[in-house]
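S.K.: This is the structure I want to talk about, given as structure tokens.
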Amino acid sequence: MPFHSLFLFFFCSLSPFSFPSPANAISFVAPIDKDNSTLLYSLTLYLKTPLQLTRLHLDLGASFTWVDCDTDYNSSTYQHIPCGSPLCSSIGHDLACSNCYNPPSPSCANNTCSLFPENSVTRKTAISNAISDSLALPTSNGLTQGPPLLFPSYVFSCSPPSLLDGLANNVTGLAAFGWSNYSLPAKVSDTFSVPRSFALYRPLEITCLHTPLILNPVGSTVITYAGKPSDEYYINVTSINVNGKPIQINSSLLAIDENGFGGTKLSTATPYTILETSIYNAVTDAFVNESSTLNLTVTNAVKPFSVCYSAADIVVTRVGPGVPTIDLVMQSDDVFWRVFGSNSMVRITGNGGDIWCLGFVDSGVNPRTSVVIGGHLMEDNLLQFDLVSTRLGFTSSVLLKGTTCSNFNFGSKG
């Protein structure tokens, strides 16, 4: 199997007074898998009527969900959204109306609200119908797995099959988790009148640090929408330490300018963390210098990385390879995200070789975003997205607690 279980999304935990059984005191739980080929992430939920298990690429910054409606899309409850209707206008991404002269289908109808679904990995886009259909998420009370809970009339976009290129082979679309009012977290919040929040990984008895979620005033989608800010999640990284020591970088690169350039965002569209060239050089140079104090000597690198070490020379600890830590410092010196070897290093084997490489990639000069925190750095870390208070709760690796994100047991159905 090309997938392995990695982590989970927990939507807002609901009090017994939020709504009647069977949803009392439960959380919505979506298991996340990582594809070993593309190194991208997907989640499994239920879609259509009757409900069918559906795997979608997980996109932290996408505005709305999209699904391939041309390939075996069979449902008795899908509805087209009329062009110019209040619902169509409220989506905020409706720039066109569709007419179709083929037999009616989810992706073919006249005078229909149209959207521009986008693949954030390949930066490809298309024009396709907006529709609504039934969606359901798995539930859990923390001890046992419950039945899926239905969300009728979930709004999303169809897409052509070609938009799936570059994603994991067995996904049929994209699940949106961005700021938008039509993301999946927004749907959970609006349907059950609960605060808009979700967590990456199982909530534990761990004290989180908090940092503000920053709004980028300029969106970065292929199709631009005048005056609309980005639906991606940015955080206020102000400096970077290696082995507890500050490194010299141009701090202006860490701020978002009036054109939307700069800053730090979290992304599941890139496997590894990518850094603007001068930041990348400062981090790698400091890392090599600090590693030398551990008697580590760089060896031949494997692209896309530039700093690698023989696995035989590295001691593996509870938190991964024993290498210098990297701290992403936020609004004050005592608020930082410490990155241990499990999240900073990538093991590469084959052709008789076995090395550990620093899992950061050079994004070149003048990229749109100076620091993009990729999926590998987020694995086995607890991240809580509180969109009401506009803040991110975060921890360092939960491996410090002797657990991993794949250890969660849904229990038997009950």
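The values are calculated or read from the model by the stated rules, or taken from the named source; none is laboratory data. Model, not experiment: these values are computed from the prediction. Cβ sites come from the backbone with ideal geometry, for glycine too, and all protein chains shown count toward neighbours. Just the protein is used for accessible areas: all its heavy atoms, side chains included, with ligands, DNA and RNA removed. Shrake-Rupley method; radii C 1.70, N 1.55, O 1.52, S 1.80 Å.
S.K.: Restricting to the range 310-326, give me the number of residues that are surrounded by fewer than 21 Cβ atoms within 10 Å (Cβ to Cβ), part of a strand (DSSP E or B) and in contact (Cβ under 8 Å) with a residue 60 or more places away in the chain.
M.R.: 1
S.K.: Let me ask something else. Do we have D257 as among the charged types (D, E, K, R), without any contact (Cβ under 8 Å) to a residue 40 or more places away in the chain and under 30 Å from Y182 (Cβ atoms) here?
M.R.: yes
S.K.: Still on this structure: Take the range 107-124 and flag every residue that is modelled with pLDDT of 95 or more, open to solvent by less than 70 Å² (accessible area, probe 1.4 Å) and not small (G, A, S).
M.R.: Result: P117, E118, N119, V121, T122.
S.K.: Turning to a different aspect of this structure: S342 versus (1) touching a helix residue (DSSP H, G or I) at 6+ places or on another chain (Cβ under 6 Å); (2) farther than 26 Å from S37 by Cα: which is the lone unmet condition?
M.R.: Looking at each condition in turn, S342 falls short on (2).
S.K.: Now a separate question. Quick check on my filter: what residues within the range 287-309 are over 18 Å from I348 (Cα atoms) and open to solvent by less than 20 Å² (accessible area, probe 1.4 Å)?
M.R.: Selection gives F287, S291.
S.K.: I need a count of the residues in the range 347-385 that are open to solvent by less than 40 Å² (accessible area, probe 1.4 Å) and part of a strand (DSSP E or B).
M.R.: 14
To keep it simple, each residue is scored yes or no on (1) at pLDDT below 95; (2) part of a strand (DSSP E or B).
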site	(1), (2)
V67	no, yes
D94	yes, no
C97	yes, yes
C100	yes, no
L143	yes, no
P152	yes, yes
V155	no, yes
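S.K.: So which residues in the range 45-56 are in contact (Cβ under 8 Å) with a residue 24 or more places away in the chain and part of a strand (DSSP E or B)?
M.R.: Result: L45, Y46, L47, T54, R55, L56.
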